[in-house]
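None of the figures in this text is laboratory data; all of them are computed from the coordinates on show. Worth saying up front: this structure is predicted, and the values here are computed from it rather than measured. Cβ placement follows ideal geometry from the backbone for every residue including glycine, while neighbour counts extend to all protein chains displayed.
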Amino acid sequence: MNLRTRTCIGTLAALLGLAAAAMAHADSDRLMPHNVPRAFMQECASCHTAYPPAMLPARSWQRILDGLDRHYGTDASLDAATVQQISRWLQANAGGYERVREEPPQDRITRSAWFVRKHREIHPSVFKLASVKSAANCAACHAGADRGNFDDDHLKLPAGVDARARRQWND
C-alpha cells in the first residue's frame, strides 16, 4: 500500500470517527431534544429544571402528568390541550435506553438508580445548602442543566460547600 492510499484510508477513518462522535453527541441522553414545546418551557421549566424527557421512562412521565393537581405537594394543573401537547413530546422522547430502565420510586428522577449512583459521593449536606436546596436543583452544580447538559466536565462548585465536601468534589 503506497503512502497516498494509507493517507486516504487514515483520513477516511478519522472522518468516520468524527461522524460517529457527532451522531452520538446529537443523540446524547444528556441533551434536551431540539423540538421542546413552548408549553413545556413556560409551564414546567418556570418552576424547576427543564428535565430532559430521557431522564424518566414514558410511564413515569404519564403518571406525573396525570397527577399535576398534586405535583409533589403543589397544584400544577394545566388545561387538557397543554397537558396533551407536553405529554406527546415527553412520550416521544422518554428514556428507553439502558440507564432508564426502571420507574424510580415516586417517579422522582433523584431516586432513580442511575441518579443515586452518579451522586453517591456527594455528601447529603451539600443538597441542603442554601445555594442548592435539594438534589432536584440540577443547575446548582450543572452549568448546562438549562440546556439538558449534565456532563461531568462542566460542573461548578455551589456556594457554601465546606472543606471536606470541597476535597471530595476535586477527587
message: Output wanted: per-residue J couplings in Hz (rounded whole) for segment 131-144, from phi through Karplus 6.51 cos²θ - 1.76 cosθ + 1.60, θ = phi - 60°, x for Gly and Pro.
response: 7, 10, 6, 6, 5, 6, 8, 4, 5, 5, 10, 9, 4, x
field: Ala135 long-range amide H proximity, modeled H, under 5 Å
entry: none
field: Using θ = phi - 60° and Karplus 6.51 cos²θ - 1.76 cosθ + 1.60, couplings along segment 48-54 (whole Hz; Gly, Pro as x)
entry: 8, 3, 7, 5, x, x, 5
task: Would you please classify the overall shape of segment 32-109 from the alpha carbon gyration tensor, given that a ≥ b ≥ c denote the square roots of the eigenvalues, rounded means a/c under 1.5, and beyond that prolate means a/b larger than b/c while oblate covers the rest?
output: oblate
- prompt: How about segment 30-124: which trypsin sites (Lys or Arg not before Pro) there are in a DSSP loop, with at most 10 other Cβ atoms within 10 Å of their Cβ?
  reply: Arg120
- line: For His71, other-chain or 5+-apart residues with amide H closer than 5 Å (H placed, Pro excluded) are Ala76
